[in-house]
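> Dropping the structure in here first, questions after.
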Amino acid sequence: MIKTEIRDNIAYIILDNGENKQNIEFAVKLLEALDEVEKNSDATALVITSSDEKNWSQGVDLNFIMSRFASKDFQSIKDFLNKMNEVFKKILSYPIPVIAEITGHAFGNGALLACACDFRFMKNDKGFFCFPEVDVKIPFLPSMVEYAKKAVGFKVLQDMLLTGKRLTARQAEEYGILKSFDDLQSLKNGVFEFAKGMNKGRNIYKELKLRMYKDVLKSFEEDKNYIENLLIYYP
């Protein structure tokens with residue numbers, strides 16, 4: 001489901017499950033991969049990529065969520081949401097640059113995963129970046145609004161979230177969300193070159209992020225009530 005590699009001191013977390021839909025197993029394995037990379041003192045940057053040229057991450061595994069609702073296994077849903085919040089919080093306070101190498105579709109929680117990263121790069125020949133929550137009837141948690149805003153900006157987020165519109169990489173670049181590349185190889189080359197230039201001290205890098213994202217990190221506390229009461233679906 002998720003692999004890790006080191007290439008010339010650049011760490012790669014490779015989402016390796018096709019559409020890379022997010023469920024409890026995905027959350028646990030991604031957190032383990034983040035912990036593994038963080039412990040590697042030789043890693044100077046982290047790239048989160050996908051082995052699928054069509055998909056980076058299609059977001060929440062709706063089959064997982066709906067099947068747990070149907071079986072009244074509410075604790076599994078809460079565990080998933082809490083574990084994904086651990087993932088997002090870790091990325092937001094990670095001590096090395098975290099770069100989303102978006103190889104294809106980034107929908108919903110997939111786009112949010114990219115937003116939590118420090119930098120976003122995406123190929124333009126295939127894939128959309130969007131928040132379809134208004135159509136799948138699952139609202140953002142408070143923290144999601146905050147780290148989406150830090151990546152997208154409020155005005156653009158308002159438009160994307162309330163319409164569910166899909167953006168190409170080039171359109172997203174025009175909004176300042178990410179940098180686009182024509183194809184997969186130019187994306188990979190561009191990300192590698194950028195990552196190689198981001199060899200920063202871990203202590204100062206983490207402290208800057210903690211101060212810059214202070215209000216974002218506080219917003220995770222507000223999530224707890226929404227998760228505990230499963231205020232996540234509005235049919």
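> Calculated FRET efficiency, Leu208 and Gln158, Cβ-Cβ r, R0 25 Å, to nearest 0.05? Mind dumping the intermediate values first?
Values: r = 28 Å, r/R0 = 1.10.
It comes to 0.35.
> At 0.36 nm per residue, and after removing the present C-alpha to C-alpha distance, how many nm does the segment from Leu184 to Val136 gain when stretched out fully? Each step should come with its number before you reach the end.
On the way: separation 48, 0.36 × 48 = 17.28 nm, distance 2.92 nm.
This chain segment gains 14.4 nm when fully extended.
> Once the other residues with Cβ under 12 Å from the Cβ of Ser186 are scored (Lys, Arg +1; Asp, Glu -1), what is the net sum?
-2
> Rounded to whole Å and sorted largest first, list the principal axis extents of the Cα atoms in the range 31-131.
Ordered largest first, the range 31-131 gives principal extents of 44, 35, 20 Å.
> Here is a follow-up. Which value in nm describes the separation of the simple spin-label points at Leu31 and Tyr233, placed 7 Å from the Cα toward the beta carbon?
Once both label points are built, they end up 2.2 nm from each other.
> Using r as the Cβ-Cβ distance of Tyr175 and Asn40, and R0 as 30 Å, what FRET efficiency do you calculate, to the nearest 0.05?
0.30
> While we're on this one: Angle check, please: helix 154-163 long axis (alpha carbons) against the longest principal axis of the chain (alpha carbons), in degrees 0 to 90, nearest 10.
Between the helix axis and the principal axis of the chain, the angle is about 50 degrees.
> What would the Debye formula give as log10 I(q)/I(0) at q = 0.09, 0.13, 0.17 Å⁻¹ for the alpha-carbon point model of the chain, no solvent?
Taken in order of the listed q values, log10 I(q)/I(0) reads -0.34, -0.73, -1.32.
> Please compute the net charge surrounding Val87, taking Lys and Arg as +1 and Asp and Glu as -1 over other residues with Cβ under 12 Å from its Cβ.
With Lys, Arg at +1 and Asp, Glu at -1, the neighbours total +1.
> Please give the helix 142-152 orientation as an angle from the longest Cα principal axis of the chain, in degrees from 0 to 90, rounded to the nearest 10.
40
> Sorted by accessible area with a 1.4 angstrom probe, largest first, how do Met198, Met212, Met84, Met1 fall?
These residues rank, largest area first, as Met212, Met1, Met198, Met84.
> What nm value, rounded to one decimal, do you get for the distance between Arg7 and Met66 when each label is placed 7 Å out toward the C-beta?
Placing both labels 7 Å along Cα→Cβ, they lie 3.7 nm apart.
> For the chain, what is the calculated [θ] at 222 nm in deg cm²/dmol (nearest 500), taking -39500 (n - 2.57) for each run of four or more DSSP H residues and dividing by its residue count?
-16000 deg cm²/dmol
The values are calculated or read from the model by the stated rules, or taken from the named source; none is laboratory data. The shown structure was predicted, so the numbers you read here are calculated from the model rather than taken from an experiment. All Cβ positions, even for glycine, are placed from backbone atoms using ideal geometry, and neighbour counts span all protein chains on display. Keep in mind that these areas ignore ligands, DNA and RNA; they rest on the heavy atoms of the full protein, side chains included. Shrake-Rupley method; radii C 1.70, N 1.55, O 1.52, S 1.80 Å.
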